[in-house]
Amino acid sequence: MRLLLVEDDTAMQTTLVRALGRRHMRIQACGDGREALALWLESPPDVVLLDLSLPGMDGLQVLAAARKAGMRTPVLILTARGTVGDKVLGLNAGADDYLPKPFDLEELEARLRALARRSADTAGDFEDKSAPSAINVGTLRYEKESGAVYHRDQAMDLSPRELALLRPLLAQPGHAVTKERLFELVFPGAQEVQFEAIEVIAYRLRKKLATTGVRLMTLRGLGYLLKAEG
């Protein structure tokens with residue numbers, strides 16, 4: 001597993017590089033927000049372990065910029081900020097998990113590997129590895145390697161959950177994907193999320209697709225599908 005570790009505490013960074021390296025992770029470490037964003041965009045890792053208090057750009061700014069650029073890499077926020085408000089801010093910015101300091105190293109490793117597995121499962125469920133590296137549906141283009149979706153060569157500003165809903169539909173244009181399957185992909189492992197939440201994500205995504213010429217359609221009893229107009 002390739003891990004981008006973003007931690008400005010030198011002692012903490014060194015400890016994590018050694019400990020996680022012994023657990024067969026390939027780690028690229030840095031302690032500056034701007035450098036972290038550049039590394040992330042240049043060579044997307046399997047998972048990002050991100051501190052919030054960083055020089056240059058703070059962790060939330062790094063995360064928001066990466067998501068806006070179309071990066072779908074799973075992110076675990078690791079920070080001394082332990083309040084509920086900070087947790088909500090991180091998750092709303094696009095983080096996938098959150099672990100406050102101090103933490104147990106075994107739990108950290110387990111969470112990182114769980115995020116990597118979910119990402120691999122989601123990407124692999126609907127993608128033929130022998131197929132082209134990009135999928136085009138009308139004016140939309142989905143780049144498999146980066147996970148970004150473009151409209152007329154402009155990266156779309158989609159939340160992680162909106163992307164998680166859109167990707168399997170792009171992989172099967174004109175074919176319905178059930179709400180149950182989409183719920184599993186958008187809210188992996190969620191136990192406290194109501195099933196109707198998938199409709200909220202679909203509503204938001206439909207609004208963002210309104211000017212693209214690609215429609216998100218609801219088929220009663222079947223699920224959702226994408227259809228290019230014209």
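The values are calculated or read from the model by the stated rules, or taken from the named source; none is laboratory data. Predicted model only: the values in this text are computed from it and were never measured. Positions of Cβ are backbone-derived with ideal geometry, glycine not excepted, and every protein chain shown enters the neighbour counts. These area figures cover heavy atoms from the full protein model, side chains too; ligands, DNA and RNA do not enter into them. Shrake-Rupley method; radii C 1.70, N 1.55, O 1.52, S 1.80 Å.
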(request) Hey, could you check the stretch 30-43 for residues that are open to solvent by 40 Å² or more (accessible area, probe 1.4 Å) and of a type outside the set (D, E, K, R) and say which is modelled with the highest pLDDT? (result) ALA38
(message) Within the stretch 189-211, take every residue that is open to solvent by less than 50 Å² (accessible area, probe 1.4 Å) and not small (Gly, Ala, Ser) and give me the one that is farthest from ASN136 (Cα to Cα).
(response) ILE198
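Here are some residues: VAL177, VAL214. Which one is under 22 Å from ARG117 (Cβ atoms) and either open to solvent by less than 20 Å² (accessible area, probe 1.4 Å) or in contact with a Lys or Arg (Cβ under 7 Å, 6 or more places away or on another chain) (or both)?
None of the others qualify; the one that does is VAL177.
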(request) Kindly provide the set of residues from the stretch 80-91 that are in contact with a helix residue (DSSP H, G or I) (Cβ under 9 Å, 6 or more places away or on another chain), modelled with pLDDT of 65 or more and surrounded by fewer than 23 Cβ atoms within 10 Å (Cβ to Cβ), ordered by number. (result) LEU89
(request) Considering (1) modelled with pLDDT of 85 or more; (2) surrounded by 14 or more Cβ atoms within 10 Å (Cβ to Cβ), say which one PRO168 fails and leave the rest. (result) (1)
(message) Restricting to the stretch 122-146, give me the number of residues that are part of a loop (DSSP other than H, G, I, E, B) and either modelled with pLDDT of 85 or more or out of contact with any helix residue (DSSP H, G or I) (no Cβ under 7 Å at 6 or more places or on another chain) (or both).
(response) 11
(request) Please go through the stretch 151-185 and pick out each residue that is in a helix (DSSP H, G or I), more than 9 Å from LEU225 (Cα to Cα) and hydrophobic (A, V, I, L, M, F, W, C). (result) LEU163, ALA164, LEU165, LEU166, ALA171, LEU182, PHE183, LEU185
(message) Anything in the stretch 49-72 that is in contact (Cβ under 8 Å) with a residue 60 or more places away in the chain and within 20 Å of ALA164 (Cβ to Cβ)? List them, or say none.
(response) ARG67, LYS68, ALA69, GLY70, MET71, ARG72
(request) Might you check whether a residue that is open to solvent by 70 Å² or more (accessible area, probe 1.4 Å) and either of a type in the set (A, V, I, L, M) or modelled with pLDDT under 95 (or both) occurs anywhere in the stretch 45-52? (result) no
